[in-house]
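Starting off with a structure, shown below.
The values are calculated or read from the model by the stated rules, or taken from the named source; none is laboratory data. Predicted model only: the values in this text are computed from it and were never measured. In this analysis, Cβ positions are derived from the backbone assuming ideal geometry, glycine residues included, and neighbour counts consider all displayed protein chains.
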Amino acid sequence: MQSNALVTFDGVIKRFGGFVAVQKLDLEIHKGEFLAIMGSSGCGKTTTLRMLAGLDAPTEGEIRLGGKPINDLPTWKRDTPMVWQSLALFPFLNVIENVEFALKMRGVGATERRKRAGNWLERMQISEFAERNISQLSGGQRQRVALARSLVVEPEILLLDEPLSALDAHLKVRMQSVLQNLQRELGITFVYVTHSQSEAFAMADRVVIMSKGVVEQVGSAQEIYRAPRTRFVAEFLGSSNIFAGTVTPTGMLDAATGQHRLPRAMSGAAPKSAATLVVLDTRSYLSAVEPGPEFDWVRAKVVGEEFTGAMAKIYLETSDGSELRVQSGYDELAALPINNGQELFVYWRPEDGHVLPNA
């Protein structure tokens with residue numbers, strides 16, 4: 001079976017002195033896909049991007065672009081333009097000169113590069129700012145200039161290093177739409193590094209989650225959200241209630257919060273084996289009275305609440321100190337006494353649970 005990989009990381013390791021920033025990375029990036037790499041600070045996501053761009057060299061392993069090794073290929077010969085977090089626009093050049101710059105470096109004639117740069121300014125809906133200084137632009141306008149400057153050379157792949165981090169919330173949403181539409185229209189491979197779950201899940205075809213230089217999980221947003229593979233992923237996403245314990249002879253999970261039923265798929269688990277049960281906060285519910293026998297539940301006290309548009313997230317704590325959360329609509333919560341210190345039942349259907357394969 002022929003691979004459609006445009007980029008291959010084959011056993012790539014990156015060390016900085018005694019610190020291992022990326023540990024034996026094996027990853028394929030498919031041609032024409034929008035791939036997001038996410039994780040907390042220091043997880044190795046930016047180092048991975050920099051190695052692909054040629055700004056850092058792998059300590060071990062091989063990176064291939066279009067099937068050809070690029071470990072020793074200089075940055076300017078890779079055709080892997082990057083949109084930086086800082087954007088790195090030239091303040092001494094106006095808008096159209098910034099967009100023309102890469103073409104000029106490639107020896108494209110003045111007339112042709114002005115035409116191509118102008119086309120991209122029009123495409124990014126910023127033609128009216130062609131002669132303006134960069135300092136006269138808003139954050140969103142600068143983002144569009146940076147994108148036009150990178151895409152004017154018509155690359156096969158575009159690297160983006162947290163390009164929306166400095167924008168206001170409403171501008172981020174608008175630029176997410178711009179990026180997603182551009183990628184689909186052009187068919188260019190986008191590799192997008194971010195610490196933002198909402199950005200990655202909103203735009204990417206696949207998401208890579210990293211921790212301490214290791215890839216924890218790769219998959220679509222839905223796959224990762226519904227079925228995290230490790231406890232780190234479940235905790236990093238912050239959208240699940242997590243119960244760790246051991247399997248009883250009767251097929252229950254014996255956790256600090258009590259005994260909980262496992263999904264039928266885990267009915268054959270060996271007694272005394274360790275297991276971690278994960279229940280999404282959107283599949284967890286609140287009640288002031290004890291739920292029926294078809295549900296599993298724990299008692300917990302309300303410790304906080306967070307309102308997000310039409311939804312609310314309620315934070316609770318059990319007697320053993322376990323933290324729980326429930327996300328629900330206002331209508332469902334209106335009849336409940338949601339006050340700090342109020343004891344409620346957090347309940348769920350056993351079949352809505354997911355047991356981590358790598359607990």
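Which of the following residues is assigned to a loop (DSSP other than H, G, I, E, B), assigned by TED's automatic domain parsing to the domain that holds Val153 and within 14 Å of Val153 (Cα to Cα): Gly107, Gly118?
Numbers: Gly118 fails: assigned to a loop (DSSP other than H, G, I, E, B).
Answer to the check: Gly107.
Strands (runs of 3 or more DSSP E) wholly in the range 8-75 with at least 3 residues that are surrounded by 18 or more Cβ atoms within 10 Å (Cβ to Cβ) and under 19 Å from the mean Cα position of the chain (by Cα) - which ones? Steps first, answer last, please.
Details: elements: 19-30, 34-38, 60-65.
Where strands (runs of 3 or more DSSP E) fall fully within the range 8-75 and carry at least 3 residues being surrounded by 18 or more Cβ atoms within 10 Å (Cβ to Cβ) and under 19 Å from the mean Cα position of the chain (by Cα), they are 19-30, 34-38.
Just to be sure I understand the filter: pairs with C-beta atoms under 8 Å, separated by 6 or more residues or on different chains, first member in the range 76-93 and assigned to a loop (DSSP other than H, G, I, E, B), second member surrounded by fewer than 12 Cβ atoms within 10 Å (Cβ to Cβ). Which pairs pass?
Pro91/Ser135
Of the residues Ala5, Ala36, Ala57, Ala53, only one is in contact with a His (Cβ under 7 Å, 6 or more places away or on another chain) and closer than 30 Å to Phe236 by Cα; which? Even if it seems obvious, please write down each step before you answer.
On the way: Ala36 fails: in contact with a His (Cβ under 7 Å, 6 or more places away or on another chain); Ala57 fails: in contact with a His (Cβ under 7 Å, 6 or more places away or on another chain); Ala53 fails: in contact with a His (Cβ under 7 Å, 6 or more places away or on another chain).
Residue meeting the stated conditions: Ala5.
Inspect all residues belonging to the range 174-191 and state whether any of them is more than 18 Å from the chain's Cα centre (by Cα) and more than 26 Å from Lys31 (Cα to Cα).
Scanning the range 174-191 turns up no residue that is more than 18 Å from the chain's Cα centre (by Cα) and more than 26 Å from Lys31 (Cα to Cα).
Using the structure shown, decide if Glu199 is in the same structural domain as Ser150 (by TED's automatic domain parsing), acidic (Asp, Glu), modelled with pLDDT of 90 or more and not in a helix (DSSP H, G or I). Before the answer, list the steps.
Values: in the same structural domain as Ser150 (by TED's automatic domain parsing): yes; acidic (Asp, Glu): yes; modelled with pLDDT of 90 or more: yes; not in a helix (DSSP H, G or I): no.
It is false that Glu199 is in the same structural domain as Ser150 (by TED's automatic domain parsing), acidic (Asp, Glu), modelled with pLDDT of 90 or more and not in a helix (DSSP H, G or I).
Can you go through Glu235, Glu305, Glu323, Glu317 and tell me which one is surrounded by fewer than 20 Cβ atoms within 10 Å (Cβ to Cβ), more than 28 Å from Thr194 (Cα to Cα), outside the structural domain of Phe34 (by TED's automatic domain parsing) and among the charged types (D, E, K, R)? It would help to see each step written out before you state the result.
Working: Glu235 fails: more than 28 Å from Thr194 (Cα to Cα); Glu305 fails: more than 28 Å from Thr194 (Cα to Cα); Glu323 fails: more than 28 Å from Thr194 (Cα to Cα).
On inspection, the qualifying residue turns out to be Glu317.
Return the only residue of Ala5, Ala36 being touching a helix residue (DSSP H, G or I) at 6+ places or on another chain (Cβ under 8 Å) and either closer than 20 Å to Glu216 by Cα or not acidic (Asp, Glu) (or both).
Numbers: Ala5 fails: touching a helix residue (DSSP H, G or I) at 6+ places or on another chain (Cβ under 8 Å).
Within the list Ala5, Ala36, the selection yields Ala36.
Given the criterion closer than 24 Å to Ala227 by Cα and not hydrophobic (A, V, I, L, M, F, W, C), identify the matching residue among Asp296, Asp320.
The match here is Asp296.
Examine the range 250-258 for a residue that is under 15 Å from the mean Cα position of the chain (by Cα) and part of a strand (DSSP E or B), and state whether such a residue exists. Walk me through it before giving the result.
Kept after step one, since they are under 15 Å from the mean Cα position of the chain (by Cα), are these residues of the range 250-258: none.
Scanning the range 250-258 turns up no residue that is under 15 Å from the mean Cα position of the chain (by Cα) and part of a strand (DSSP E or B).
Now for a different question. Sort through Leu160, Leu179, Leu186 and tell me the only one that's surrounded by fewer than 21 Cβ atoms within 10 Å (Cβ to Cβ) and either at pLDDT 90 or above or in contact with a helix residue (DSSP H, G or I) (Cβ under 6 Å, 6 or more places away or on another chain) (or both). Reasoning before the result, please.
Details: Leu160 fails: surrounded by fewer than 21 Cβ atoms within 10 Å (Cβ to Cβ); Leu179 fails: surrounded by fewer than 21 Cβ atoms within 10 Å (Cβ to Cβ).
Checking each option against the conditions leaves just Leu186.
Return the pairs, sorted by first residue and then second, in which the second residue is polar (S, T, N, Q) and not in a loop (DSSP other than H, G, I, E, B), the first residue lies in the range 338-357 and is more than 22 Å from Ala288 (Cα to Cα), the beta carbons are less than 9 Å apart, and the residues are 6+ apart or on different chains.
Pairs found: His354/Ser240; Val355/Thr276; Leu356/Thr230; Leu356/Thr276; Pro357/Thr230.
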